[in-house]
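Read the figures in this text as sums done on the coordinates, not as results from a lab. Keep in mind it's a predicted model, so treat the numbers as computed, not measured. FYI the Cβ positions are ideal-geometry reconstructions off the backbone, even for glycines, and counts take in every protein chain you see.
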Amino acid sequence: MAEQTIAEALLLGVLEGLTEFIPVSSTGHILLAGHFLGFESTGKAFEILIQLGAILAILSVYATRLWKMLVSLPGDPATRRFVLGILIAFLPAAIIGVLAYRIIKTVLFETPMLICVMLILGGIVLLWVDRWVKVPRYRDITQFPLSVYLKIGLFQCLSMIPGTSRSGSTIVGALLLGVEKRAAAEFSFFLAMPTMTGAFAYDLYKNYNVLTAADLQIIGVGFIAAFVAALFVVRSLLDFVSRRGYGLFGWWRILVGGLGLIALLTVG
């Protein structure tokens with residue numbers, strides 16, 4: 001295996017971990033970086049499977065809270081209701097992801113121009129929503145009405161388009177529905193657990209028979225890098241958005257999307 005490929009996998013893994021839980025589109029960043037690096041993965045599986053590193057990072061940070069939820073689940077109606085809310089929010093993306101899998105992987109993942117446009121448009125929306133003055137109605141992620149969980153889940157479906165961002169879609173949807181900024185990010189963390197685990201499992205099922213030992217080695221490098229980078233983000237993001245909001249991420253999206261468009265139009 002070429003050392004260059006390992007180095008690219010390491011870079012893309014760090015990029016995945018740093019961007020997965022912030023509203024800038026980790027998949028969009030990875031696909032654009034891979035396009036300009038000339039990085040090709042079998043069945044575009046690398047871009048999905050290294051998300052397992054980010055999943056394990058958030059599970060490790062929330063391990064104590066998740067264990068308490070698991071223990072209290074049989075006897076605590078509030079815990080059962082929160083878990084039900086997460087499942088309700090997860091289902092729309094799960095259904096659409098399965099039905100549209102082929103289009104997503106063979107068309108949308110192969111269109112870098114679309115990714116750049118969605119990064120810019122998403123950045124503009126994020127800046128507008130972040131500055132939109134509205135008194136939050138919901139601050140406790142375990143107490144949302146079930147209809148709010150469902151609506152956030154529907155917003156998450158927008159992330160099927162690379163460059164839109166899974167966390168960005170859920171956070172913007174939550175903010176528009178009256179969720180406080182910190183709570184919007186935290187619920188995005190919890191919704192990421194079943195969503196990303198499901199995406200990982202389904203993509204592995206679709207590609208396991210074509211992945212080689214070399215592919216698995218590259219994925220392993222990306223997985224470890226994503227895990228380490230995501231740990232840093234998960235531990236610091238909630239405090240950051242409580243103090244600063246989401247404006248910085250909106251400007252970052254516009255910058256990356258703009259530079260990507262210029263590069264595509266000049267170098268291809």
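Of the helices (runs of 4 or more DSSP H) entirely within region 1-91, those holding at least 3 residues that are closer than 19 Å to F223 by Cα occupy 3-19, 26-37, 46-49, 51-61. Each residue in region 76-132 was checked for being surrounded by fewer than 18 Cβ atoms within 10 Å (Cβ to Cβ), more than 22 Å from G178 (Cα to Cα) and among the basic types (K, R), and 2 pass. Can you say whether A174 is part of a helix (DSSP H, G or I), crowded, with 20+ Cβ neighbours inside 10 Å and free of Cβ contacts under 8 Å to residues at least 40 places away in the same chain, as far as the supplied structure shows? Criteria met by A174.
Within region 105-147, being hydrophobic (A, V, I, L, M, F, W, C), farther than 24 Å from G250 by Cα and assigned to a helix (DSSP H, G or I) holds for one residue alone: L146.
Among residues of region 183-226 being over 21 Å from the mean Cα position of the chain (by Cα) and surrounded by 18 or more Cβ atoms within 10 Å (Cβ to Cβ), the one that is farthest from T106 (Cα to Cα) is D215. The conditions of being part of a helix (DSSP H, G or I), touching a strand residue (DSSP E or B) at 6+ places or on another chain (Cβ under 7 Å) and within 17 Å of W132 (Cβ to Cβ) are met by A183. The residue that is surrounded by the fewest Cβ atoms within 10 Å (Cβ to Cβ), among those in region 227-268 that are of a type in the set (G, A, S) and not in a helix (DSSP H, G or I), is G268.
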